[in-house]
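Report on one structure; see the data block that follows.
The values are calculated or read from the model by the stated rules, or taken from the named source; none is laboratory data. The shown structure was predicted, so the numbers you read here are calculated from the model rather than taken from an experiment. Positions of Cβ are generated from backbone atoms using ideal geometry, with glycine treated the same way; all protein chains shown enter the neighbour counts.
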Amino acid sequence: MIYQEFSEEDKLLKMTDSVFFRFCEPKSGWIKMEIFVNGTRYLISSLSTIYDPFPSMKHWLEDIVKGLSSENVMRIDSEASELIFHYEELNDAKHGIFYIYDSESNTILARAIVKTKELVTALYLAMLDLASNGYNRKCSDFGKEWYCIKNENLAVYNTATFYNAVKSPLIEWYFCSPKSYRQSQPTFKEFPEIKESIQMWCDYGAALFWSGGEIGHQGACGDASEIFTETCGVIDLRGIEELQEWYDRYDKGPLPGENGYDCETKGSWFEQGKEFAKKVRELLPDTIDLYYYDWYPSIEVPQENRLHFPERLPMIVFNSRLLDKFK
């Protein structure tokens, strides 16, 4: 066990760390991954497009969800070295020890004691965030390097291909299920292909909703009254009571949590936004994913890492209709 200074497991459970992942812009066939543990940033050596790490990451997370083994190991070939992602489940089956080992430097790059669901959620959302926004990043050949690396014959790369490859019905079931996989042993029907993703930024004054039709192509697409989609037309939101009133609090200012509002008020405002996001999700078709960009006041970020840590963290708003596809 990596935390050898602790002999009793209950001591580990009292030391749970917060973990956040983010992928940087790709460059020349490489992409770096950042990990924040309790706000402290660790930069993982570059991942190679030759040995695409994303299928392995998805399967590793799915294995953790299944819980069929107390230890789950993922090996990623980074050309110059091998990265080993290790997760060891603790006895309560809700927490575990996580670390990343680099063979080239023979060092542990990052380590944490985590809630299992938080670890799975953090890495899965980082992959989805990369897949849905990657085409907008500064590197112009992102699509060529990651979306269509396995199919050089594609005249036009389809950004939705990578996104749907990353999507996992099992992991999204895990988000909302009160039971473990071992308790329920769910099976899954075929899921619809996602054609569009929409982001809900409640404190960005120019618009409440952002998209651009095809996954990865962004632009303002709606406010508290309606959403304009390129794949399914206009979605009328006027039937959601108090949504407009809630959003107008931004324009009436100051923004909750700033210039006189305390963090508790700001947090409450964002929590209300989550509930409205669920209602918006109910009006969207199954071929559109919705993300809500949340505020995380509980994560204390060291001063030297604040330039790297994102102001908002994405969360996918789960489509409850898909529960019918879980047996």
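Scanning the range 121-157 for residues that are over 16 Å from ARG22 (Cβ atoms) and either at pLDDT 85 or above or in contact with a Phe, Trp or Tyr (Cβ under 8 Å, 6 or more places away or on another chain) (or both) yields a count of 6. For the range 34-135, the strands (runs of 3 or more DSSP E) that sit wholly inside it and include 2 or more residues that are of a type outside the set (D, E, K, R) and under 18 Å from CYS24 (Cα atoms) are 40-48, 107-115. Is it true that VAL114 is under 20 Å from LYS58 (Cβ atoms) and out of contact with any helix residue (DSSP H, G or I) (no Cβ under 8 Å at 6 or more places or on another chain)? Answer is yes for this residue. Residues in the range 197-230 that are closer than 17 Å to ALA131 by Cβ and at pLDDT 85 or above: SER197, ILE198, GLN199, TRP210. Of the residues making up the range 231-284, those that are surrounded by fewer than 15 Cβ atoms within 10 Å (Cβ to Cβ), among the small types (Gly, Ala, Ser) and either over 21 Å from ASN319 (Cβ atoms) or at pLDDT below 85 (or both) number 3.
Report yes if ILE194 is assigned to a loop (DSSP other than H, G, I, E, B), buried (at least 16 other Cβ atoms within 10 Å of the Cβ) and modelled with pLDDT under 85, otherwise no. No.
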